[in-house]
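Here is the structure we will look at, set down as structure tokens.
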Amino acid sequence: MSEPAPTIDVVLSPPEIDLLPKRDLSGCTAVAFDILRATSTMITALANGAEGIWPVRSIEEAWALKKTLPGALLGGERHGERIEGFDLGNSPLEYGENVWGREIISTTTNGTLALRAVEHAGSVLAGSLLNIGALATHLRAEPARELLLVCAGTFREAALEDILAAGMLISLLPGRPLTDGAELALALYQQEKHDLAAALHRARNGRALRAKGREQEVEWCARASVMDLVAEMSREGCVRRAVPA
Ligand code: MLT
């Protein structure tokens, strides 16, 4: 008798993320999505040769970690802008060959919090549209485990772009039982799949970035399956390229 396929669940918004540290995630793989822009930036940095990204919750935690990792770059944002004294903001376009071989300490409003909220899961991956094909291949090859997709959101609200990415990943892993949150994400993806960029531009964060003349960053993050890598967060809390499953 073959094992029943493991369920896919989706956490849609920050208030739900707040509850995750108390949830037993030992038997599941968690994937955190912050499409605009935190996890898209992490995947871009790794694709450009960064050694690893340390997601932290606060600016204070970033400076404290910098003391133990003096060679690391400080990156991240508050209100979408680079933090005073930091080396980089949170635009994927800032993470090119300049990050090759470097470690990065990153703090953002939602994305780094989402990753840390599931640090106790069996396995923790950072997801984006950029590497969604590689992510699906990795998850298909992984031993069957509950899959928890965490949509980081924007401030305290759900973010359309994160739920869309979760829905796309579900569409690439057919045949698994879905919770209602997962059904919602899949339905949104089915509705928007013909033009992902248009949906990202319509989203609150997409509009905010465009208002700052940063529509290029939205276009960059809207591309699907253009980076063949999987990013896994280690027990120490560093996101690095995963060894193929
Ligand atoms: C976040 O983590 O909140 C976002 O990535 C913020 C941003 O990039 O503007």
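The values are calculated or read from the model by the stated rules, or taken from the named source; none is laboratory data. Here the structure is a predicted model, which is why all the values come from computation and not from measurement. Neighbour counts run over all protein chains shown; Cβ positions are idealised from the backbone, glycine included. SASA here: full protein model, heavy atoms, side chains in, ligands and nucleic acids out. Shrake-Rupley method; radii C 1.70, N 1.55, O 1.52, S 1.80 Å.
About its Cα centre, the dipole of the stretch 48-197 is roughly 320 debye, where the only charges are +1 on Lys and Arg Cβ and -1 on Asp and Glu Cβ.
Normalised Debye scattering of the stretch 139-195 at q = 0.13, 0.22, 0.23, 0.29 Å⁻¹ gives log10 I(q)/I(0) of -0.33, -0.87, -0.93, -1.25, counting only Cα atoms as equal scatterers and leaving out solvent.
The GluC sites (Glu not before Pro) of the stretch 181-245 meeting both criteria, a DSSP state outside H, G, I, E and B (loop) and at most 10 other C-beta atoms within 10 angstrom of the site's C-beta, are GLU236. Antiparallel beta bridges, as assigned by DSSP with both residues in the stretch 1-147, represent about 5 percent of the total such bridges. Rounded to whole numbers, the Karplus 3J(HN,Hα) couplings from phi for the stretch 208-217 are 5, 5, 5, 4, 9, x, 10, 4, 4, 5 Hz, using 6.51 cos²θ - 1.76 cosθ + 1.60 with θ = phi - 60°, and x at Gly and Pro. Computed about its Cα centre, the charge dipole of the stretch 1-113 is approximately 160 debye, with only Lys, Arg, Asp and Glu carrying charge at their Cβ.
Pairs of alpha carbons in the stretch 144-245 separated by more than 17 Å make up 61% of all such pairs. In the stretch 98-245, if the dipole is taken from +1 on Lys/Arg beta carbons and -1 on Asp/Glu beta carbons about the Cα centre, which of VAL230, GLN216, ALA152 is farthest to the positive end? Checking the options against the dipole of the stretch 98-245, the answer is GLN216.
Scoring 99-105, 72-78, 40-46 by mean Cβ neighbours within 10 Å over their residues and listing the highest first yields 40-46, 72-78, 99-105. Relative contact order of the stretch 75-215, taken over Cα pairs closer than 8 Å and 6 or more residues apart, is 16 percent. Straight Cα distances below 18 angstrom link LYS212 to the aspartates and glutamates GLU77, GLU81, GLU94, with same-chain residues fewer than 8 positions distant left out. Here, the stretch 16-120 is characterised by an Rg to Rh ratio of 0.97, where Rg is the alpha-carbon radius of gyration and Rh the Kirkwood radius. Spherically averaged projected area of the convex hull of Cα atoms, the chain: 12.5 nm². Remark: the stretch 62-190 carries 38 Å² of accessible area per residue (probe radius 1.4 Å; ligands, DNA and RNA excluded).
Calculated mean residue ellipticity, 222 nm, the chain: -10000 deg cm²/dmol, from DSSP H runs (n ≥ 4) at -39500 (n - 2.57) each, averaged per residue and rounded to 500. Over the Cα atoms of the stretch 168-226, the radius of gyration divided by the Kirkwood radius equals 1.06; this is the Rg/Rh ratio.
Here, the stretch 51-96 is characterised by an Rg to Rh ratio of 0.93, where Rg is the alpha-carbon radius of gyration and Rh the Kirkwood radius. For THR154, the amide hydrogen comes within under 5 Å of the amide hydrogens of ALA159, counting only partners 5 or more places away or on other chains and with H modelled in the peptide plane.
Indicate, rounded to the nearest 5 percent, the antiparallel portion of the DSSP beta bridges found entirely in the chain. Expressed as a percentage, antiparallel bridges in the chain total about 25. Calculated on the Cα set of the stretch 108-167, radius of gyration then Dmax: 12.0, 34 Å. Residue ranges 202-208, 163-169, 25-31 sort as 163-169, 25-31, 202-208 when ordered by packing (mean number of other C-beta atoms within 10 Å per residue, highest first).
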